[in-house]
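What follows is one structure encoded as structure tokens, with my remarks underneath.
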Amino acid sequence: MREWAQIRADTVIYEDEAVLALNKPAGLAVMGERHETDLVRLAQEAGEKLYPAHRIDKVTSGALLLAKELRLHGDLTRQFNRRTVEKVYLAVTRSTGLPEHGTIDLPLSVGRKSRVRVAANRAAISFDESRSCWSVAAEEEFQHIRTYPSVTTFARLWSDGQHTLLAVHPVTGRRHQIRVHLAWIGHPIEGDPLFGKVTEGRTLLHSWRLGFDAAWAGGKRIDVEAPPEPDFWTPVGGKASGEADGEPVPLPDRETVRRALPPPPAVTS
């Protein structure tokens, strides 16, 4: 395990007097690991107290926002809870056939062994081709357990006939939401141990861009971007990182992705 000072130096993508944003490596938990070292604990042991404004899974890499002071933490977490933070992930599915853009509007629940799942039988999921939307009818949703309205939107960026690269916006931000939603519509993320055999490669899910308001700086909007590390592209032969006839092909800019993502439907809770 690398020392905190080295992790910090290698992964910082934005820093000011109030917050620190890191490009978290895959395989490193944010906090709460019972038997392994997590990022917050590493920082604390090195004398730096940090407060995560949100969570990303251990297997997920990318942009992670941390407050430097507890008094600033509350406002940032409220922005995530109110869904005013722009969140865009990159995901590579081990599939093809996804539409140019789509909406996954499927409620989630927690099943056996605390596993997150769609709160309906898989056969109840329907696809409206005219809206490129997956959903379940209200009468098909489970009634015997607590369920959570959950919406994910995506835009297709690239495909090689075996894999598809998506820009994904988790509108509601539930635990494991992107991973569960894509798997339950038949397009699991490459390398995801929750929905397939464990492979040598990593899970191809990456927190790419965040946009948030800085109350400590007059409310100005701050946009951060975490470029994917080479290990994100290795399982797909490096192609999606931009190798086409030997020339680099950059990922779309922020405004292009904003326009490509479908507007999310209203979510009641």
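The values are calculated or read from the model by the stated rules, or taken from the named source; none is laboratory data. All figures in this text were calculated on a predicted structure; none of them were measured in a lab. Quick reminder, even Gly has a Cβ in these numbers, built from the backbone with ideal geometry, and neighbours come from all protein chains shown. Accessible surface is based on the protein model in full, side chains and every heavy atom, while ligands, DNA and RNA are left aside. Shrake-Rupley method; radii C 1.70, N 1.55, O 1.52, S 1.80 Å.
General observations
- Per residue, the average separation of C-alpha pairs within less than 8 Å and at least 6 apart gives the range 1-120 a relative contact order of 19 percent.
- Per-peptide average of other Cβ atoms within 10 Å, ordering 54-62, 66-74 highest first: 54-62, 66-74
- Stretchable slack from Arg83 to Asp160, in nm (0.36 nm times residue separation minus alpha-carbon distance): 24.4 nm
- In a reduced charge model with +1 at each Lys and Arg Cβ and -1 at each Asp and Glu Cβ, the chain shows a dipole moment near 1020 debye about its Cα centre.
- Close Lys-Lys pairs in the chain, where close means Cα under 29 Å and separation is 8 or more or interchain: 25
- Loop-resident sites, the range 155-199, for trypsin sites (Lys or Arg not before Pro), counting at most 10 other Cβ within 10 Å (DSSP): Lys197
- Counted over the range 19-162, the DSSP beta bridges are approximately 85% antiparallel.
- Surface per residue (accessible, 1.4 Å probe) for the range 1-134, Å²: 51
- Rough spin-label spacing in nm, given labels placed 7 Å along Cα→Cβ, for Arg41 and Glu100: 4.8
- Environment charge of Arg2, counting only residues whose C-beta is closer than 10 Å and scoring Lys/Arg +1, Asp/Glu -1: -1
- Proximal charge balance of Gln177 [Cβ under 12 Å; K/R count +1, D/E count -1]: +4
- Over the chain, DSSP H runs of length four or greater, each weighted -39,500 (n - 2.57), average out per residue to a 222 nm ellipticity of -4500 deg cm²/dmol.
- Scattering curve values for the range 1-108, log₁₀ I(q)/I(0), Debye with Cα scatterers, q = 0.15 Å⁻¹: -0.73
- Using a Förster distance of 22 Å, the FRET efficiency for Glu69-Glu15 (Cβ separation, nearest 0.05): 0.95
- Average Cα contact separation per residue, the range 65-158, under 8 Å, 6 or more apart, as relative contact order %: 31
- Our summary gives the chain a relative contact order of 20 percent, counting only alpha carbon pairs under 8 angstrom and 6 or more residues apart.
- Column: log10 I(q)/I(0), Debye, Cα scatterers of the chain, q = 0.11, 0.16, 0.17 Å⁻¹: -0.63, -1.35, -1.49
- Carbon plus sulfur fraction of accessible area for the chain, probe 1.4 Å, in percent: 48
- Net lengthening on full extension, Tyr148/Asp213 (0.36 nm per residue, minus Cα-Cα): 20.8 nm
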